[in-house]
Amino acid sequence: MKLFFNINKTLLICIYLTTSITLYSCHKAGTGGKSSVSGSVYHHSKLIPAAIVYIKYGATEFPGADVSVYDDHITADANAHYEFSGLRKGSYFLYGVGYDNAIFRTVTGGVGITLKNNQNLSSDVPVTE
């Protein structure tokens, strides 16, 4: 009888540990973390102020130009600088949309990134015609 209780106790501990590890490792990219990504939006070597930078959680490849599929966005400041903070570790795709006054055209483009825990990553967003 004592052996039966020890086996059940061991089994319960194994189930608890497996469940805990699984739930902890299932945190997906998104908000709620301590990482950030920031940078500037560039068309060739020219800054693109007021560009809108969209972010897609859990993606490293271009999810498309339909901005409704992105999870969040921010408008770059007058110096073309943007920043997303409070992110978890994981993969993200940044997509920029702006207007280049020198060529009178909308410019778009993006870049995939991967964040680690507590990382402050610098990543410019390249855009083109």
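Read-outs throughout are calculated quantities, based only on the coordinates presented, and are distinct from any laboratory measurement. Please read these numbers as outputs of a predicted model, since none were measured by experiment. We place every Cβ from the backbone using ideal geometry, glycine too, and count neighbours over all the protein chains shown.
When you go through (1) closer than 25 Å to His43 by Cβ; (2) in contact (Cβ under 8 Å) with a residue 60 or more places away in the chain; (3) outside any strand (DSSP E or B); (4) not β-branched (Val, Ile, Thr) one by one for Leu121, which number turns out not to apply?
All conditions are met except number (3).
Pull up the range 74-104, narrow it to residues that are acidic (Asp, Glu) and either within 9 Å of the chain's Cα centre (by Cα) or surrounded by fewer than 18 Cβ atoms within 10 Å (Cβ to Cβ) (or both), then point me to the one that is farthest from Asn118 (Cα to Cα).
Of all residues in the range 74-104, those acidic (Asp, Glu) come to 77, 83, 100.
Restricting the remaining residues to those that are either within 9 Å of the chain's Cα centre (by Cα) or surrounded by fewer than 18 Cβ atoms within 10 Å (Cβ to Cβ) (or both) gives 77, 83.
Working: Asp77: 24, Glu83: 15 Å.
The extreme case among them is Asp77.
Give the residues of the range 53-73 that are without any contact (Cβ under 8 Å) to a residue 60 or more places away in the chain, buried (at least 17 other Cβ atoms within 10 Å of the Cβ) and under 18 Å from Thr106 (Cα atoms), sorted by residue number.
Listed by number, the list holds a single entry, Tyr54.
(1) touching a strand residue (DSSP E or B) at 6+ places or on another chain (Cβ under 7 Å); (2) assigned to a loop (DSSP other than H, G, I, E, B): which one isn't true of Val127, the others all being true?
Result: Val127 fails condition (2) only.
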